[in-house]
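Below is one structure, written out as structure tokens; comments come after it.
Throughout, read-outs are computed from the coordinates displayed, never taken from laboratory work. These numbers come from a predicted model, not from an experiment. Heads up, the Cβs are rebuilt from the backbone with ideal geometry, glycines too, and the neighbour counts pull from every protein chain shown.
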Amino acid sequence: MLEKIRKIILNHYFLSFALPALIMLFYFYYRKMAPFGNSSILTVDLGQQYVDMFSGMRETILHQPNQLFYSFAKNFGGEMFSEWSYYLFSPLNLLLLFFNQANLPSGILFLTVVRFGLAGLSMQYLLVRRNFTGKEMGLLISSSYALSGWFVANQVNLLWQDQIILLPLIIYAAIKLINEQKYLPFVLIFAFSIIDNFYIAYMIGIFLPMFAIWQISRYYSKFLNQSLIFLRFLSSMLLSVLISSVVLIPTAFQLIQGKGQDTIASIDWGFIQKPYLVILKLIPGSFNFSQMKTGLANIFVPFIIIIGLITYFSIKQEKISTKISSGLIIALYSLSFVWQPLNILFHMMQYPVWYPYRYSFIFSFFILLLAAIGLEKSKHANFPSFVLSLLLIAVISSVAVFFNKKINFVNSQQVRLFIFLSVSALLVYMVRSYMKHDVWAYFLLLIGLTSSALNAYISTNNFSYLTNSEYQRTVKALQQSTSDLSKKGFYRVGQTFSRTRGDAFATGYNGGMHFSSTVDKTTPELFGAFGQVANDYYTSYSFGTVLTDAIFDMKYFISPVYGGSNAAGSPKAMANSYRPDLTNYRLLQSRNQVMTIKNKNALPIIFPTSSKVLKSKIIPENPILTSNSLWEGITGTKNLVQSNVPFSYSTENIKTLISLNGQTAQKINSGQDAVINISFKPNTNGSYYLTLPVSFANNATWITVNGETIPQYANRENVVALNVANHDKNLQITIGIHLNYSELFLNDLELYSINDSKLAKSANKVQKTGIKNLKFNQTSFTGEVDVKKNQKILMTTIPAAPGWKIKIDGKNTPVKTIDNYFIGAKIKQGRHKVQIYYQEPYLGVASAITLISILLVTLIEINKRKKFFTISKILKNNKK
């Protein structure tokens with residue numbers, strides 16, 4: 001038994017998995033990340049976005065499978081299939097089903113460790129099975145690949161990591177196709193890669209024809225053979241694309257609705273990086289927060305790999321033509337790291353937001369492959385390689401020292417470490433002739449692992465991580481405050497605090513916020529028009545009014561209790577919205593730092609209304625009047641909103657202002673606080689709102705109401721309405737606008753009041769005529785409406801989007817867009833059965849293409865095997 005265990009442990013495939021996996025596991029243990037301590041693996045996008053995606057994935061698979069296509073936990077409702085194809089289609093994510101929402105950080109840690117291990121294993125499989133290296137040398141290359149600079153820098157981006165695992169397997173299958181004309185493994189695994197994550201698969205797809213040319217030049221000499229094999233290779237790639245159509249086509253359509261519209265029309269043809277700085281990324285630990293945002297390509301590999309790469313170009317076993325193609329591929333990728341047109345091409349014609357050079361793992365893979373050949377096939381140390389390597393060490397060190405004050409990702413200690421490790425690698429390289437090959441390879445492995453481990457340690461130490469208790473504190477508050485909400489009827493839940501903008505999707509309720517790279521263009525416009533936080537990537541219902549609460553069916557609110565704890569992750573510490581008007585609503589419960597409130601004015605999701613709603617208007621940069629216009633169209637209520645409520649203002653430490661609109665406030669003394677005080681006395685107990693211009697956003701101001709600093713979303717791109725008073729008749733209200741900078745442009749500062757009692761009466765009338773006997777899931781609503789004589793429109797607050805269909809009494813009805821952003825339909829007087837449902841656009845056509853392609857591949861394979869068996873039979877008979 002012990003002997004079997006020893007054999008397993010010493011097996012090179014096991015080691016290729018275990019070495020990188022254990023190095024990262026030991027590091028996470030050292031940092032006391034959950035489950036080993038109170039820290040967590042959550043940082044930057046992993047903590048702000050992806051962990052919520054994984055929690056939402058669990059909710060979808062276990063409880064709401066319809067969310068695969070559409071979810072009302074995304075914004076006010078949003079398409080999900082493209083989001084799954086970008087973030088969640090990795091089968092490895094299923095491991096997270098064994099971890100509940102509160103313990104997801106532990107699950108993500110183990111999943112990350114597994115992926116590091118699988119990257120090493122897949123590379124070892126390619127190297128050994130295709131005879132690039134022996135088992136011992138393979139461990140150096142595979143561990144260097146798994147712990148490469150790209151993977152360490154992108155350990156938070158779990159959505160891309162499968163591709164670094166799949167790339168060696170794709171290349172293995174590509175070689176099988178080129179050398180043996182066996183196309184099926186390649187077609188299937190590349191199709192799987194596209195389905196797993198189309199974005200990074202696109203980058204691999206650009207590399208594959210270049211690799212094919214390289215491999216063909218190694219294996220074939222005649223141009224005709226080379227051409228035929230290359231065409232067959234391209235045909236196989238096309239088959240993979242066709243098989244993956246079921247994901248590609250619907251996703252492409254949705255991207256056209258959003259990010260696809262941002263595809264670059266004109267390209268900057270200039271250089272974006274200094275070429276001489278890129279080589280500094282070969283220094284261990286040359287990655288930090290600033291590099292994550294707008295840094296250089298993460299191409300770190302141990303320096304022994306660079307020595308092997310240089311050696312590759314000196315060995316005689318490789319053809320000159322192959323070396324030329326190798327050099328051209330390296331040159332092309334190197335150029336892309338500094339020249340914008342190639343960089344954009346490799347990023348699917350999009351500027352990457354954070355995490356630049358997302359394709360650099362392909363460059364690392366290719367130089368590792370060449371280094372493997374160079375180190376394996378060289379029988380002794382090559383003196384020119386020694387000289388060039390020594391010269392490169394000197395150049396890298398000199399550049400690092402010379403530019404030390406201009407860069408922040410390399411320090412003198414790292415340079416000394418680089419010199420020590422590189423020279424050590426060079427010395428071991430030079431004694432090649434005096435050692436057995438396997439012993440030499442193990443020495444190189446030791447140096448390579450040390451370099452990779454130190455790079456991972458230094459780079460990852462540059463980041464701070466969310467504590468596990470902080471994460472769990474907010475998650476548990478959200479779960480407890482929403483778990484007892486009514487299971488009947490459709491409604492949305494608002495919140496005045498949030499851990500992230502993905503709370504609703506993560507916790508499983510219909511909300512009003514989201515964070516994703518697949519937001520369509522209409523959604524930010526909808527949120528902006530009604531005075532909410534939005535941009536191309538996220539939305540947040542953080543500046544609601546009693547009017548928008550009613551319109552968007554915000555039936556419940558969760559909010560920090562008064563006087564709650566300020567501990568990190570507590571609801572009060574995570575507050576981002578100031579809503580005194582919530583006192584209009586009924587308190588349902590208050591426990592564990594959170595209170596749950598019910599809004600009796602929330603309109604139903606579907607209701608009949610007057611055709612006057614078609615005349616409602618979006619009033620630019622005025623969310624209050626935009627909401628009022630829609631409300632008047634729905635209910636016929638007039639004089640609900642009072643505009644231009646009078647107020648007075650005074651200033652402190654600000655130069656004289658003529659007015660608060662169209663003026664620039666300037667500090668007198670830049671070192672002291674400067675404030676504009678807006679004062680008024682409400683003459684009713686209604687809700688009062690002050691509109692704030694975009695110039696107040698992005699930390700340009702901080703705001704107080706009667707001396708209390710209020711929470712607010714810092715980053716926004718639209719005019720919003722801040723609730724400043726409620727039930728404060730005849731009381732003095734003073735809003736202090738404090739300048740964070742020397743100047744502040746003033747515009748759109750207007751005060752409004754809303755008649756709460758009139759709002760409640762008109763809301764009650766609409767509620768009575770709302771849809772009855774409603775049955776719904778995330779993609780379908782069925783019920784009955786009783787339409788009165790003056791009601792000619794079926795209105796919903798479902799955001800307008802391709803894919804929504806409406807049937808009235810079983811008959812298809814044309815879908816109308818109401819008030820620019822909502823779906824509806826014409827309807828006649830009487831009692832009607834209504835069905836509103838969502839179908840993923842082009843999914844049917846895409847599925848048909850996938851099925852036909854699979855059938856075609858199957859027929860080709862059957863025909864191929866028939867020919868093989870026929871030929872085998874003939875040969876057998878001839879032998880007889």
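Show me 71-77, 794-800 ranked by packing, highest mean number of other Cβ atoms within 10 Å first.
71-77, 794-800
Identify, among N661, V613, L749, the residue whose Cα sits farthest towards the positive end of the charge dipole of region 610-751, taking +1 on the Cβ of Lys and Arg and -1 on the Cβ of Asp and Glu, with the dipole about the Cα centre.
Highest projection toward the positive end goes to V613.
So how strong a dipole does region 481-602 carry about its Cα centre when Lys and Arg Cβ are +1 and Asp and Glu Cβ are -1, to the nearest 20 debye?
The calculated dipole for region 481-602 is roughly 460 debye.
Express in whole angstrom the spacing between the alpha-carbon centres of region 179-193 and region 331-401.
Region 179-193 and region 331-401 have Cα centres spaced 27 Å from each other.
Set Lys and Arg Cβ to +1 and Asp and Glu Cβ to -1, take the dipole of the chain about its Cα centre, and tell me which of T858, I171, G531 lies farthest positive.
T858
What residues qualify as long-range amide H neighbours of Y713, i.e. H under 5 Å apart, gap of 5 or more or another chain, H built at 1.01 Å from N?
Distant-sequence amide H within range of Y713: zero hits.
Output ³J(HN,Hα) for region 114-130: one whole-Hz value per residue in order, computed from phi by the Karplus curve 6.51 cos²θ - 1.76 cosθ + 1.60 with θ = phi - 60°, and x for Gly and Pro.
4, 5, 4, x, 5, 4, x, 5, 5, 5, 4, 4, 4, 4, 7, 5, 9
Please name whichever of Y145, V415, L296 sits farthest to the positive end of the charge dipole of the chain, dipole taken about the Cα centre and charges placed at Cβ: Lys and Arg +1, Asp and Glu -1.
Farthest towards the positive end: Y145.
Could you run the Karplus curve 6.51 cos²θ - 1.76 cosθ + 1.60 with θ = phi - 60° over region 518-530 and give me ³J(HN,Hα) per residue in whole Hz, x for Gly and Pro?
10, 6, 6, 5, 6, 4, x, 5, 4, 4, x, 4, 9
Highest mean first, how do 825-836, 352-363 rank when packing is the count of other Cβ atoms within 10 Å averaged over residues?
Top of the packing list down: 352-363, 825-836.
Of the GluC sites (Glu not before Pro) in region 42-122, which ones lie in a loop per DSSP and count no more than 13 other C-beta atoms within 10 Å?
Taking region 42-122 and a limit of 13 other Cβ atoms within 10 Å, no loop GluC sites (Glu not before Pro) are found.
Taking the Cα centroid of region 504-563 and of region 807-871, what is the distance between the two, rounded to the nearest whole Å?
Cα centres, region 504-563 to region 807-871: 30 Å.
Just to be sure I understand: of the beta bridges DSSP finds with both ends in the chain, what percent are antiparallel, rounded to 5?
Taking every DSSP beta bridge with both residues in the chain, the antiparallel ones total about 95 percent.
Might you report the magnitude of the Cβ-based charge dipole of the chain about its Cα centre, with Lys and Arg at +1 and Asp and Glu at -1, to the nearest 20 debye?
Approximately 2840 debye in magnitude.
Enumerate the amide H contacts of Q495 below 5 Å, restricted to partners 5 or more residues apart or on another chain; note that Pro and chain-start residues carry no placed amide H.
I558
So how long is each side of region 468-612 along the principal axes, counting just the alpha-carbon atoms, biggest first, in Å?
Extents along the principal axes: 51, 35, 27 Å.
In deg cm²/dmol, rounded to 500, what helix-only [θ] at 222 nm does the chain give when every DSSP H run of at least 4 residues adds -39500 (n - 2.57) and the total is split over its residues?
The per-residue figure over the chain is -15000 deg cm²/dmol.
Given H placed on each backbone N at 1.01 Å, which residues far from V705 in sequence or on other chains put an amide H within less than 5 Å of it?
I710, G736
Could you give each residue of region 480-491 its phi-based ³J(HN,Hα) in whole Hz, using Karplus coefficients 6.51, -1.76, 1.60 with θ = phi - 60°, and x for Gly or Pro?
5, 7, 10, 5, 9, 5, 4, 8, 9, x, 8, 7
Which entries of K765/K807; K476/K555; K521/K811 show an alpha-carbon separation above 29 angstrom in the structure shown?
Distance filter (> 29 Å) returns K521/K811.
What order do you get for 689-700, 115-126, 445-456 when each peptide is scored by the mean count of other beta carbon atoms within 10 Å, highest first?
By packing density, highest mean first, the sequence is 115-126, 445-456, 689-700.
Taking the structure as given and computing Rg and Dmax of the Cα atoms in Å, which label from (1) 29.2, 89; (2) 31.3, 111; (3) 29.7, 101 fits?
Given (1) 29.2, 89; (2) 31.3, 111; (3) 29.7, 101, the calculated one carries the label (2).
Antiparallel versus total DSSP beta bridges in region 468-612: what percent is that, nearest 5?
The answer is about 80 percent antiparallel.
Report the relative contact order of the chain, percent, no decimals, based on alpha-carbon pairs under 8 angstrom and at least 6 residues apart.
Averaging sequence separation for qualifying contacts and normalising by length gives 13 percent for the chain.
Would you please name the chymotrypsin sites (Phe, Trp or Tyr not before Pro) within region 203-286 that are DSSP coil residues with at most 14 other C-beta atoms within 10 Å of their C-beta?
Answer in residue order: W269.
Rounded to the nearest Å, what's the spacing between the alpha carbon centres of region 38-60 and region 642-693? Just the number, please.
Region 38-60 and region 642-693 have Cα centres spaced 41 Å from each other.
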